[in-house]
1. Just grab the label-to-label distance for Glu133 and Asp64, each label 7 Å out from Cα along the Cβ direction, in nm (one decimal).
2. What is the gain in length, in nm to one decimal, between Ser142 and Ala279 on full extension, counting 0.36 nm per residue of separation less the C-alpha to C-alpha distance?
3. Consider all pairwise Cα distances in region 164-231 and report the whole-number % of them above 17 Å.
4. Filter the cross-link list Lys203/Lys282; Lys7/Lys266; Lys176/Lys203 down to pairs whose alpha-carbon distance in this structure exceeds 18 Å.
5. Quick one: work out Rg over Rh on the C-alpha atoms of the chain, Rh as Kirkwood radius.
6. What percent do you get for the relative contact order of the chain when only Cα pairs under 8 Å and 6+ apart count?
7. Tell me, in nm to one decimal, what length is gained between Lys199 and Ala117 on full extension, where the rule is 0.36 nm per residue of separation less the Cα-Cα distance?
8. Output the antiparallel fraction of DSSP beta bridges having both residues in the chain, as a percent to the nearest 5.
Amino acid sequence: MLQLGWKAGTEQYEPEELLDYAIAAEEAGFDSIDASDHFHPWIERHPHSPFVWGVLGAIAQATDRLVVGTGVTCPTTRIHPAIIAQAAATAADLMPGRFFLGVGTGENLNEHILGDAWPEWDVRAEQLEESIEVIRALWSGSMVSHRGRHFRVQNARLYSLPESIPPIRVAASGAKMAEMAGRIGDGLISTAPEADIIKAYEKAGGSGARIGQVTMCWAGSEAKARETALTWWPTAALHGEVMQELPNPSQFTDLVKDVTEDQVAKVITCGPDVEPHVAAIKKFLDAGYDHVYVHQVGPDQEGFFEFAQRELLPRLREVSAVPA
């Protein structure tokens, strides 16, 4: 059965707003929430970037049913994997059976802030793999000393552990990272509705959740939705490695000055009609994903939740129940 989630884009909202929206997402009928973990927002138009672990603690107490996780945390540079292990264990303890840890290789935008060098992708992948090893070791409850290529841990033990250890789901944009997710993770997260990513994940032994993310913009008219998408999420039109490489929101702001509505609308479905949004999500289902997070762009989340409860979620469950 398809699981449907709401993307909590922490770059766009105050912590209190995120809490209100999490409650609204649960009431609207979403199954889960995926919260981004940033130090900086993408562009200067985004007014916020709160500490996700504080937000998750509040959501844990305000919701009863939603599965909640990070989408995604980089446990290698800005925050040491031992600290991520402790933070995630606490979050899982606050939400028994309702928390997952989503991890990825990160972006320079967030990870450069302590003055560490931003390595090439192969090194970042090595760091991520070793960080997961550290996290799992600490989640065992044992005293851990680790002297690896990238990380050191000395005589560390977690004393607050959940009864059920949360799954670690690994972000992948291509087959190479999907193979790693299948090898070391408990699930896959991707924004690409490509069957080859799922095949690479499963070939490497992956059998956990296969999570996709769709960016969309609902509004009362297509014109309003296109305007909102360009204003709030022009980075959707960017391609290649630039999203991982630039260090500051001001640079992204400069880079997207010439992005047009048409360019953004090619990658973000826009408007009040449910069917284009359903079609975009169905691409993930057809590729083999079983979870999809919906990232609604812009400030009108209340209107979106009404639309989701009234039209989007019933239509998606209808579509996903039909045999291929």
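1. Modelled inter-label distance: 4.4 nm.
2. Working: separation 137, 0.36 × 137 = 49.32 nm, distance 4.75 nm.
Roughly 44.6 nm would be gained on extension.
3. 47
4. Numbers: Lys203/Lys282 23 Å; Lys7/Lys266 20 Å; Lys176/Lys203 12 Å.
Violating the 18 Å Cα-Cα cut-off are Lys203/Lys282; Lys7/Lys266.
5. On the way: Rg = 19.0 Å, Rh = 20.0 Å.
Taking Rg over the Kirkwood Rh, I get 0.95.
6. Contact order relative to length: 20 percent.
7. Working: separation 82, 0.36 × 82 = 29.52 nm, distance 3.34 nm.
Result for the pair: 26.2 nm of gain on full extension.
8. 10
The values are calculated or read from the model by the stated rules, or taken from the named source; none is laboratory data. Note that the structure is a prediction, hence the values are computed from the model and not measured. Note that each Cβ is placed from the backbone with ideal geometry, even for glycine, and that neighbours are counted across all protein chains shown. The area values use the complete protein model at the heavy-atom level, side chains included, leaving out ligands, DNA and RNA. Shrake-Rupley method; radii C 1.70, N 1.55, O 1.52, S 1.80 Å.
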